[in-house]
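The values are calculated or read from the model by the stated rules, or taken from the named source; none is laboratory data. Being a predicted model, the structure only gives us computed values, none of them experimental. Glycine also receives a Cβ, built like all others from the backbone with ideal geometry; neighbour counts cover every protein chain displayed. We work out accessible area using only protein heavy atoms, side chains counted, and drop any ligands, DNA or RNA first. Shrake-Rupley method; radii C 1.70, N 1.55, O 1.52, S 1.80 Å.
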Amino acid sequence: EYYHPTFLYESVWNAVGFVLLHVLSKHRKYDGEIALGYVAWYGLGRCLIEGLRMDSLYSGSFRISQIVSITLAAVGLIWLLIGTFARKNPQREG
């Protein structure tokens, strides 16, 4: 029986994410932007890779790990977008 090497997939995903975030770190616009990018990247990758695993914990027909990871990715992406748009349109004081 064939099994996916999910640890290898996750290692490659994280290495690509490291390189991508390192390149983007030179163009960051605010503190925490790279950390939020990591949260979104990791959550997305984890959600995709968990779909290939054979030993997942289920709640009904949903994998718990995929629910948690897609939630993590969505929160990271939303927070990243809020931070980006809040910096483009700063509130005026006074």
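Rolling a 1.4 Å probe across all protein chains gives F85 an accessible area of roughly 110 Å².
Across all C-alpha atoms in the chain, the radius of gyration and Dmax reach 16.7, 68 Å.
Between helix 64-88 and the chain there is an angle of about 10 degrees, using the helix long axis and the longest principal axis of the Cα atoms. Over region 9-59, all Cα pairs binned in 10 Å intervals from 0 give whole-percent P(r) values of 24, 45, 22, 9, 0, listed from short to long. Sorting H22, H27 by solvent-accessible area of protein heavy atoms yields H27, H22, largest first, with a 1.4 Å probe.
Farthest towards the positive end of the charge dipole of the chain, among the residues I64, G76, G45, is the Cα of G76, using unit charges on the Cβ of Lys, Arg, Asp and Glu.
Here the Karplus curve 6.51 cos²θ - 1.76 cosθ + 1.60, taken at θ = phi - 60°, turns the phi angles of region 44-60 into couplings of 5, x, 5, 5, 5, 6, 4, x, 8, 6, 9, 10, 8, 8, 10, 10, x Hz, with x standing for Gly and Pro.
When only the heavy atoms of the protein chains count and the probe is 1.4 Å, how do S25, S61, S11, S69 rank by accessible area, highest first?
Numbers: S25 40, S61 95, S11 70, S69 5 Å².
Accessible-area ranking of S25, S61, S11, S69, largest first: S61, S11, S25, S69.
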